[in-house]
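Take a look at the structure set out below.
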Amino acid sequence: MKTLDVVVFGYAEFAKEIVDQVNEAYRSVKVYALDEETVSEAVKEGFEAELFDLDDNWEAFEHYNMQETLFICALEDDAENVYLTIGLRDGLQDARLIALASTQEHASKLHLAGANKVISKLQATADIIIEVLEKPIVTHIMQEILQEETALKTVQITLEEGSPLIGESLHSVSIKEERELIILAVVDATMQTSFVFTSKGYRHRLEVGDILVVIGYDEAIESFRGRVQ
Amino acid sequence: MDEEKKASQNPSSTSSQYRSPGLFSRLLVDGAYALKTSPRYKATKHFFYNLLENSSYPYKRYFDLMMMVLIFSSVIILIRDVRHETHDFLALFNDYIISFIFLVEYLFRFWVISDSSGMMIKQYEKDELLQRRFRVGHALFKVFLAKWNHVRSPAAIIDLLAIMPFFHELRLLRLFILFRVFKIFRYTQNMQYFGYVLSHKKFELLTLLTFASVIVFVASVLIYVMEANNPDSPINTLFDALYWSIVTISTVGYGDVTPTTQEGRMVAILVIIAGIAVISFATSIVVTAFTEKLDDIRENKMLSDIKGLKHFYLICGYGIVAKQTASKLRRSGRTVVVLDTDYDRIKEAKENQLYALQLDPASLSSYQSMGIDFAKQVIAVILLRDSDILNVYTTLTLRSIDHRINVLSLLHEKKNRRKLRLAGVNHIVYSQELIGLLSKEYSGRPVAFETMSMLRAEEAGAAMEEIVVDERIASNFKNVGDLHIRRHRLLLIGLSKLSVEEFIFNPSPETVIEKGDIMIIIGEHSMINEFRLFSHKRLR
């Protein structure tokens, strides 16, 4: 389920930043805007853009491979964004949808509308403000990881059939790899959404399909990936 | 012109006059300079000033409490004295010890209330500048005037009267103990507010008093004329008449003295009607005074509460981001003070149980009126105003107060980042960029993203915490291996080394830990707390 294409709806201030950030990282990034003016603005700034309307005309998006495409609903108007999300969910049932919410109330509406992930602008801003002041070092590290300013990265590695780690306990794997990287958490394959932090679930036996969240330097991560997959 | 000419022709006369101050003046000026330059004298005077006059001084409340205890014990001893033979020690305590303490307090207050040496120096330097003889008499008069203004103030008069029971041999002076009760005004802020509120209605109260006095005067004379010659009437003297009219106009009406003649009763009717007017007028004055000043009183209470806070975050601007931030900070046990110019926003902040003041965060006078100590009280200032212009302006105001204040500001438009940085903002938060980064992170590594955001939000019981290596930890443990982090079911992500200003990811067991380093630890809250305690326990 590796993302290759990104579709961004809207081209307001938040959407612009998203397009800016993801532009380099994916095979294709396309902006869909509600009016001609915005479309031409996006095109002028060097992005691929097209006009769309909120009527149920989702066939236009069916050519995207749903497994490889991420749809980001970032329209400026809250109501329109909810309407877009619900329309997308209805028209493209397997689509992966991220939606931007301005308030908590709006966030819960987007969840109900079927977004896989809702990022609350307000919540994220408030969280970062408090984090910067209360935990400056943690914030700095997180920021560096997010902005990829250092070689330090967080990655997720899915355990596949035949991996030498299958059957081992999380604790023993962590001890073995301790010198190189840190295994932060694991997502249990049988209970898709439950997280087990290494510190807590050290007895957890690794199975096929488990997703390890690893933090470490590029080189160490790549060599670990090579060994376990 | 002529005088100028004369002066220029005969400069020696001016300078000799100016150069020869008398011995007394010289002694006074020398003494004033000696006091003004003595750090010990200044510190002592400052301490007593704070203790007696500065309501934001933390120890003043203990002093006030002690004085109030003395006042009440004094009154209790007086009441006991009426029926019982007062115990010798209590009499001694009341007449000498308490009076003596009050006398000392009076003298100290007399001392600190004005800066006599400063006034003396100011006059001396002014005369020096104008090249004329030091006008010692003028200086002494100014010093005297400042002290006299204090002595004749109602509060100082009450203070003086409260000392009077010292001369307890004069029986009447014992009653002056009751004046000590009035001293309570000095020591309780609520009473001071009461005085403050009524002082704004001075004109109305004076009008009422004049009106009531005229009515009482006219009614007393009238009733005396009507009733004094009537043998059945209890009103025989002018004092009886005055007593009756005051009892009647105040609507108390004891009924012990009543008019008996037809004419007298006519006067009574008039006085009763006037009495109703006086009472309703008085009530309305007091009520309006309080209604008008209610916001002021609340504001003052809020200001004094804020002055007393130990550590707090100051949020400037109360928009939607501020609401979210403030409520999150409050939930995590932090104290938040909000400043905004908008009345409705401040009202909302107060409804959300925050300390909130309707003040302009960009104005220096706002902070002066708050009287807070940024270095000691404010953890950080969070600027969440509606535009970058306001945030820049507010930062510059804050920087002019104290360059060490930790300032975080929200950035509205990317192009203004440099301006905020130049103004001196320590941390800039640009939400658009943050959301962009988060979206990118989520699109690429949803699971890793969730893990990190769970740690950030401290959901699922786990958190990423910073533990500062202090003296105790540094003396307990030499290197990372000694900490046995894994045994505590924790992960040590890294160590921020103070000495080399470097972040070491996943430090090896041999890495030396020093005071000032910061450990970044991931684990369950309870485990982190347990580890915190363990690391501080003296092991060596």
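The values are calculated or read from the model by the stated rules, or taken from the named source; none is laboratory data. Quick caveat, the model's predicted, so the values are computed rather than measured. As a convention, Cβ positions derive from the backbone with ideal geometry for all residues, glycine included, and neighbour counts pool all protein chains shown.
Looking at the stretch A:108-116, can you tell me whether even one residue there is more than 7 Å from chain B (Cβ to nearest Cβ), closer than 23 Å to A:K16 by Cβ, in contact with a strand residue (DSSP E or B) (Cβ under 8 Å, 6 or more places away or on another chain) and in a strand (DSSP E or B)?
no
Using beta carbons and a limit of 8 Å, which pairs, at least six apart or on different chains, have the first residue in the stretch B:287-300 and within 13 Å of B:Q189 (Cβ to Cβ) and the second one modelled with pLDDT under 85 and outside any helix (DSSP H, G or I)?
none
Condition first: within 16 Å of A:A15 (Cβ to Cβ), more than 14 Å from every other protein chain (Cβ to nearest Cβ) and small (G, A, S). Now tell me which residues in the stretch A:46-74 satisfy that.
Of everything in the stretch A:46-74, those that are within 16 Å of A:A15 (Cβ to Cβ), more than 14 Å from every other protein chain (Cβ to nearest Cβ) and small (G, A, S) turn out to be A:G46, A:A49.
List the helices (runs of 4 or more DSSP H) inside the stretch B:372-471, counting only whole elements, that have at least 1 residues being over 21 Å from A:P136 (Cβ atoms).
It comes to B:388-401, B:417-423, B:431-444, B:446-457.
Conditions: (1) more than 12 Å from chain B (Cβ to nearest Cβ); (2) touching a strand residue (DSSP E or B) at 6+ places or on another chain (Cβ under 9 Å); (3) not acidic (D, E); (4) not in a loop (DSSP other than H, G, I, E, B). A:I166 meets all but one. Number of the miss?
For A:I166, the failing item is (4).
Please work out if A:I129 is at the interface with chain B (Cβ under 8 Å from one of its Cβ atoms), modelled with pLDDT of 85 or more, buried (at least 18 other Cβ atoms within 10 Å of the Cβ) and closer than 29 Å to B:F312 by Cβ.
Criteria met by A:I129.
Could you please give the count of residues in the stretch B:390-440 that are polar (S, T, N, Q), away from chain A (no Cβ under 14 Å) and buried (at least 16 other Cβ atoms within 10 Å of the Cβ)?
Of the residues in that region, 3 qualify.
Tally time: how many residues in the stretch A:188-210 are modelled with pLDDT of 80 or more and either crowded, with 21+ Cβ neighbours inside 10 Å or in contact with a Phe, Trp or Tyr (Cβ under 6 Å, 6 or more places away or on another chain) (or both)?
Qualifying residue count, the stretch A:188-210: 2.
Suppose we keep only residues that are under 30 Å from B:K415 (Cβ atoms), aliphatic (A, V, I, L, M) and away from chain A (no Cβ under 14 Å) within the stretch B:339-389. Which one would you say is farthest from the chain's Cα centre (by Cα)?
B:I389
Restrict the check to the stretch A:8-15 and report whether at least one residue is assigned to a loop (DSSP other than H, G, I, E, B) and closer than 13 Å to A:L88 by Cα.
For the stretch A:8-15, residues assigned to a loop (DSSP other than H, G, I, E, B) and closer than 13 Å to A:L88 by Cα: absent.
Anything in the stretch B:254-268 that is surrounded by 13 or more Cβ atoms within 10 Å (Cβ to Cβ) and touching a helix residue (DSSP H, G or I) at 6+ places or on another chain (Cβ under 6 Å)? List them, or say none.
Passing the criteria: B:V257, B:P259, B:T261, B:E263, B:G264, B:V267.
Could you check how many residues of the stretch A:24-45 are within 13 Å of chain B (Cβ to nearest Cβ) and buried (at least 16 other Cβ atoms within 10 Å of the Cβ)?
Residues flagged as within 13 Å of chain B (Cβ to nearest Cβ) and buried (at least 16 other Cβ atoms within 10 Å of the Cβ) within the stretch A:24-45 amount to 2.
Answer yes or no: is there a residue in the stretch A:119-135 that is assigned to a strand (DSSP E or B), over 20 Å from A:L212 (Cα atoms) and either in contact (Cβ under 8 Å) with a residue 12 or more places away in the chain or among the small types (G, A, S) (or both).
yes
With the requirement that a residue be within 17 Å of B:L206 (Cβ to Cβ) and surrounded by fewer than 16 Cβ atoms within 10 Å (Cβ to Cβ), what does the stretch B:269-278 give you?
B:A277
Quick check on the stretch B:441-464: of everything there that is charged (D, E, K, R) and within 8 Å of another protein chain (Cβ to nearest Cβ), which residue is farthest from B:T325 (Cα to Cα)?
Of everything passing the filter in the stretch B:441-464, B:R445 is farthest from B:T325 (Cα to Cα).
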